1. Please name all residue pairs, on different chains or six or more residues apart, with Cβ atoms under 6 Å, provided the first residue is in the range 79-102 and is touching a residue at least 24 places away in the same chain (Cβ under 8 Å) and in a strand (DSSP E or B) and the second residue is acidic (Asp, Glu) and surrounded by 14 or more Cβ atoms within 10 Å (Cβ to Cβ).
2. From the list 22, 49, exactly one residue is modelled with pLDDT under 85, among the charged types (D, E, K, R), exposed (fewer than 14 other Cβ atoms within 10 Å of the Cβ) and not in a strand (DSSP E or B). Which is it?
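The values are calculated or read from the model by the stated rules, or taken from the named source; none is laboratory data. Here the structure is a predicted model, which is why all the values come from computation and not from measurement. Cβ placement follows ideal geometry from the backbone for every residue including glycine, while neighbour counts extend to all protein chains displayed.
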Amino acid sequence: MVALVFAVSVCLRIVGFHHTRRMLRHFEYRRNPPIDVARRVKAVRRVRRNAAWAGRCLSRSLALQWVLRRDGIPAQVHIAVHSDHDGLRAHAWVVLNGVALDDGPGVAEPVRYGRFILN
């Protein structure tokens, strides 16, 4: 998972968001065996906690969404943007059936500026 998060982060910096998403979709394939979603989420959390280089929330979220969609699970990436006294801030997380998988429960609270959902 560390390698995938790193690769997504590098792609985001080099070719941008749109092309990174297109490449991920191109390499997406379906697996038949059932998977354990919690195990995939734990792997992303381990990357965030233990890797010297953990990537940003967008890299981790796109990587987790790709792994889940590859396994046939229709996960969505949510991106929220809000403004405060320090300027604009943004955060990305993965949602499955209305539940934020890779973040705390307060992440889905209303935002003041906007929210985007990536299927």
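1. Listed by first residue and then by second, the contacts come to 93/102; 93/103; 94/102.
2. Of 22, 49, the one residue that is modelled with pLDDT under 85, among the charged types (D, E, K, R), exposed (fewer than 14 other Cβ atoms within 10 Å of the Cβ) and not in a strand (DSSP E or B) is 49.
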